[in-house]
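For reference, the structure discussed in these notes is given below.
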Amino acid sequence: MLSVEEENIRRWSETSDREIRLELLVTEDPRSESLANFCSRLTALAPRVSVQRKKSDMEGPPAIGILPNLRYHGVPEANELAPFLEALSAVAAQGRGGGPTPDGIAHIELPAGLALYVSPGCTYCPSMVRSLTSMALESDKVRLSIIDAALFHETAGAEDIRSVPTLVFDGKFRFTGVVPPSEVMQMLLSRDPADLSPSVLLGLIEEGNAGKVADLMVSQQIVFPALIELLSDEKWPRRLGAMVALESAAETDPALAKTAAPLLLKRLESVSDAVKGDIVYLLGEIGDAEVSSVLETIQNDAASVELAEAAAEALERIRTK
């Protein structure tokens with residue numbers, strides 16, 4: 001950290017009279033220590049800032065968490081320091097955002113994943129950081145990750161990031177350069193529920209919001225295709241959270257949950273036996289006589305005793321409904 005940056009933090013600290021709590025989400029990535037060193041210096045220069053260090057089980061680079069839906073994957077230095085400190089001030093002032101409320105923010109219904117790739121030396125990046133941060137501060141449905149494209153070059157490379165600022169929206173759409181906030185807001189307001197990405201749903205589920213995912217599906221009257229992706233994932237924790245979301249939706253709207261059955265049946269041919277067992281379990285929870293023939297075939301032809309037993313149990317639940 002440069003001496004001028006330290007002085008800027010001291011001056012900023014003198015204007016803040018409230019406690020500010022951050023999370024340092026560390027991973028096995030050795031670059032976690034770069035973020036940890038910044039946080040240590042920040043708390044030394046700004047005594048009202050405290051940082052709780054947590055081991056992150058989530059995928060992706062280490063991060064400094066301002067809010068659950070606002071994270072810096074990088075060291076906020078050079079041109080990135082000022083908007084970072086402004087975000088801290090906004091949270092301290094009103095619990096979330098402190099500036100003008102972005103037009104339309106209250107009408108966002110679906111969660112959105114925004115990944116903004118920046119560089120501390122970029123002179124155009126701060127304006128994008130400020131406009132997107134204001135949205136994340138005002139709505140927890142806007143899930144913003146600010147990523148240092150140079151520090152986490154492999155993450156940027158996987159997204160084919162060639163210049164900054166670049167905004168990746170729900171892992172599908174991208175905008176390069178400074179994008180007017182009105183255009184981003186229009187995307188947030190006009191999205192199709194089918195376009196929700198698995199990463200957005202996974203983020204909600206990993207934060208203990210499987211019930212919120214269920215409520216969203218019921219309100220939108222759709223089983224999100226991204227949820228089917230998670231239910232087919234080979235990683236057990238992902239499937240578990242997605243299963244809880246679908247079961248919660250089934251309790252509220254059984255007819256809606258039942259529409260997931262044909263989608264899950266299509267996945268049976270391409271997944272491992274462990275995943276098949278969970279899908280079979282879910283079919284017993286949400287299915288009816290229409291899926292019974294498939295379950296009977298699995299019961300009779302399953303390569304493992306466990307899968308055959310799971311199919312038998314699922315059939316019994318369907319028969320006793």
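None of the figures in this text is laboratory data; all of them are computed from the coordinates on show. Predicted, not measured: the structure shown is a model, and the values here were computed from it. For neighbour counting, all protein chains shown are included, and Cβ atoms are generated from backbone atoms with ideal geometry for every residue, glycine included.
Basic side chains Lys and Arg get +1 at the Cβ, acidic Asp and Glu get -1 at the Cβ, and with that the dipole of the chain about its Cα centre reaches some 780 debye. Other residues within the sphere of radius under 15 Å centred on the Cβ of residue 316, judged by their own Cβ, net out at -2 (K and R +1, D and E -1). Greater than 28 Å separation of Cα atoms is the criterion. Which listed pairs, 54/235; 235/266; 172/212; 54/212; 141/172; 141/321, meet it? Where the Cα-Cα span goes over 28 Å, the pairs concerned are 141/321.
Rounded to the nearest 5, what % of the DSSP beta bridges within the chain are antiparallel ones?
Given both bridge residues lie in the chain, the antiparallel proportion sits at roughly 45 percent.
Per the Debye formula on identical point scatterers at the alpha carbon atoms of segment 31-181, with no solvent, log10 I(q)/I(0) at q = 0.08, 0.09, 0.20 Å⁻¹ is -0.20, -0.26, -1.41. Would you work out the relative contact order for the chain, in percent, from Cα pairs under 8 angstrom that are 6 or more residues apart? Relative CO of the chain lands at 11 percent.
Say the dipole of the chain comes from +1 at the beta carbon of Lys and Arg and -1 at that of Asp and Glu; which of 293, 136, 61 then lies farthest toward its positive end? The Cα lying farthest towards the positive end belongs to 136.
Can you give the Rg/Rh ratio of the chain, where Rg is from the C-alpha atoms and Rh is the Kirkwood radius? Could you put the intermediate results ahead of the total?
Values: Rg = 22.6 Å, Rh = 21.5 Å.
Checking Rg against Rh, the ratio lands at 1.05.
Computed from the Cα positions only, the extents of segment 260-321 along the three principal axes stand at 28, 23, 16 Å, in decreasing order.
Only alpha carbons enter this Debye calculation for segment 194-254, each as an equal point scatterer, and the log10 of I(q)/I(0) it gives at q = 0.14, 0.17, 0.19 Å⁻¹ is -0.30, -0.45, -0.56. Among 82, 222, 39, pick out the residue whose Cα is farthest towards the positive end of the charge dipole of the chain, where Lys and Arg carry +1 and Asp and Glu carry -1 on C-beta, about the Cα centre. It is 82.
DSSP assigns beta bridges within segment 3-189; of those with both partners inside it, close to 45 percent run antiparallel. Pairing the Cα long axis of helix 236-252 with the longest principal axis of the chain, what angle in degrees results, from 0 to 90 and rounded to the nearest 10? Computed tilt is about 70 degrees.
Largest mean-square fluctuation among 252, 27, 15, in a Gaussian network model of the chain whose springs join Cα atoms under 10 Å apart, belongs to 15. Per residue, the chain reaches -16000 deg cm²/dmol at 222 nm when only DSSP H runs of four or more residues are counted, each adding -39500 (n - 2.57). Here is the short version for the chain: 39 have no other Cys C-beta closer than 4.7 Å. Rounded to whole numbers, the Karplus 3J(HN,Hα) couplings from phi for segment 69-81 are 9, 9, 9, 9, 9, x, 9, x, 10, 6, 6, 8, 5 Hz, using 6.51 cos²θ - 1.76 cosθ + 1.60 with θ = phi - 60°, and x at Gly and Pro.
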